[in-house]
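Student: One structure follows; several queries about it will come next.
Every number here is computed from the coordinates shown, using simple stated rules; none is lab data. Computed from a predicted model, the values in this text were never measured in an experiment. In this analysis, Cβ positions are derived from the backbone assuming ideal geometry, glycine residues included, and neighbour counts consider all displayed protein chains.
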Amino acid sequence: MLNIDLPYFKFCNKTLLPIVQGGMGVGISAHRLAGAVARQNAVGTISSVDLRRHHADLMAQTGKSRDKDAINQANLVALDREIRAARDIAEGNGLIAVNIMRAVAEYANQVRQSCESGADAVVVGAGLPLDLPELTADFPQVALIPILSDARGISLLLKKWMRKNRLPDAIVIEHPRYAGGHLGAPKAEDIVDARFDMPRVLEETCALFKELGLEREKVPLIAAGGIHSHEQIRALLAQGASAVQLGTPFAVTEEGDAHLNFKKVLVGAAKEDIVTFMSVAGLPARAVRTPWLANYLDKEARLQTKARPQECQVAFDCLHQCGLRDGIAKAGQFCIDTRLAFAMNGDVKRGLFFRGSEPLPLGRDIRPVQELLQFLLTGVRAGQEQAAPACLQPA
């Protein structure tokens, strides 16, 4: 047993470790990672994006297909398989969540499939999920967790949901200055805006709760973005967060669902290797400057001047709005699904490798989920004590 002197996360009628593993696609956080995290009594998260790529039979059916409906159906089948497999690994411990981008075209269908397949929670970012209460009305037992970045967005969502007699079960507050992947700011220059500073957002959100007549404990706040140390976690919990969410540190664990090369790229990246740019989704994004990304950024301005609407390169129109497909000059001009899939499969030359900006808790080491959790929650690395814990569940 691991004895921690931090408060546990009371959520969904469970007593959990105050750690949430973030959702990372394409295929970076699938059933192995999410199940391993939940097994240790934390919140494990599956990313819903294009999960068929983890299933050889589904790729055999759709890998070269131009049938949008067939591809979307294969991804729902894969999502169902991944949720069930993660629950099997967890063995009743922790919670299994599914992260779904509001920006993806199949958002509504993926929300419903997640609920039907037994997810404990649905987490939605990359857009305001104002319609999430309606989509999940038949599944009141499923926790709803929006990802937001400032008090203004939290206020808008809370007021809209309260008119529908629904509150979020928790809110992830993600700081765009440090997070990896798609960032919760409209423009790249906004990332450093003081309105996103975590102490400020936590304080303003608590004031908002008071204004709306909500008890502070009614909607737990989960701090995210660049968290990499025990000291940070302790400070954030003291400031009012109930838990913290981390993505990149979990992506590079042994149980992470991506290829070993993917993990090596992330752990080997120096601070100057991590860059922010515009994604095809119309949001700033953060990744490692690998050969493909360096080449793309050199040509980005020229490609944007030539932006014109065209057919989707992978046939299934994964995003509601795509800079490449829709000819949106201010957005990215590449196929994000293809590039993220290359990364998942370890193609260092052609892949897009999303990563947060901050150092990793265990440095360049690729270690099991259990060791990462132990270090985050105690500040002590495995081997620095007489006996490593067999499980991180509370006594």
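Student: Restricting things to Cα coordinates, could you compute the convex hull volume per residue of segment 6-153 in Å³?
Tutor: Values: hull volume 16.5 nm³, N = 148.
With only Cα atoms used, segment 6-153 gives 111 Å³ per residue.
Student: Now for a different question. About the Cα centre, and with charges only on the beta carbon of Lys, Arg (+1) and Asp, Glu (-1), how big is the dipole of segment 81-176? Nearest 20 debye, please.
Tutor: Working: 11 positive and 12 negative charges, 83 e Å.
So the magnitude is around 400 debye.
Student: For the chain, what is the calculated [θ] at 222 nm in deg cm²/dmol (nearest 500), taking -39500 (n - 2.57) for each run of four or more DSSP H residues and dividing by its residue count?
Tutor: Values: 14 runs with 140 residues, N = 395.
Estimated from H runs of four or more residues: -10500 deg cm²/dmol.
Student: What is the gain in length, in nm to one decimal, between residue 310 and residue 59 on full extension, counting 0.36 nm per residue of separation less the C-alpha to C-alpha distance? Can you show the working numbers first?
Tutor: Details: separation 251, 0.36 × 251 = 90.36 nm, distance 2.43 nm.
Gain on stretching residue 310 to residue 59: 87.9 nm.
Student: With +1 on each Lys and Arg Cβ and -1 on each Asp and Glu Cβ, and nothing else charged, work out how big the dipole of the chain is about its Cα centre, in Debye to the nearest 20.
Tutor: Rounded to the nearest 20 debye, it is 680 debye.
Student: Could you give the spread of the C-alpha atoms of the chain along their three principal axes, from largest to smallest, in whole angstroms?
Tutor: 56, 51, 40
Student: Right, something else. Taking residue 159 as the anchor, which lysines have their alpha carbon closer than 26 Å to its alpha carbon, excluding any fewer than eight residues away along the same chain?
Tutor: Counting by Cα, and skipping residues close in sequence, residue 159 has these lysines nearby: 10, 187, 210, 218.
Student: Build a GNM of the chain with springs between Cα atoms under 10 Å: which of 156, 340, 324 gets the top mean-square fluctuation?
Tutor: Maximum fluctuation in the GNM of the chain, among the listed residues, is at 156.
Student: Could you size up the charge dipole of segment 263-344 around its Cα centre, putting +1 on the beta carbon of Lys and Arg and -1 on that of Asp and Glu, and report it in debye to the nearest 20?
Tutor: Working: 12 positive and 8 negative charges, 41 e Å.
In total the dipole reaches around 200 debye.
Student: Here is a further query. Thinking of segment 263-344 as a set of Cα atoms, what percent of all their pairs are more than 18 Å apart?
Tutor: 42 percent
Student: Is the C-alpha gyration tensor of segment 58-139 telling us rounded, prolate or oblate? Criteria: a/c under 1.5 is rounded; beyond that, a/b larger than b/c is prolate, otherwise oblate. Don't skip to the answer; put the middle values down first.
Tutor: Values: a/c = 2.21, a/b = 1.17, b/c = 1.88.
Here segment 58-139 falls in the oblate category.
Student: Just want the answer: with Cβ charges of +1 for Lys and Arg and -1 for Asp and Glu, which residue in 148, 228, 291 is farthest toward the dipole's positive end in the chain?
Tutor: Going by the charge dipole, the pick is 291.
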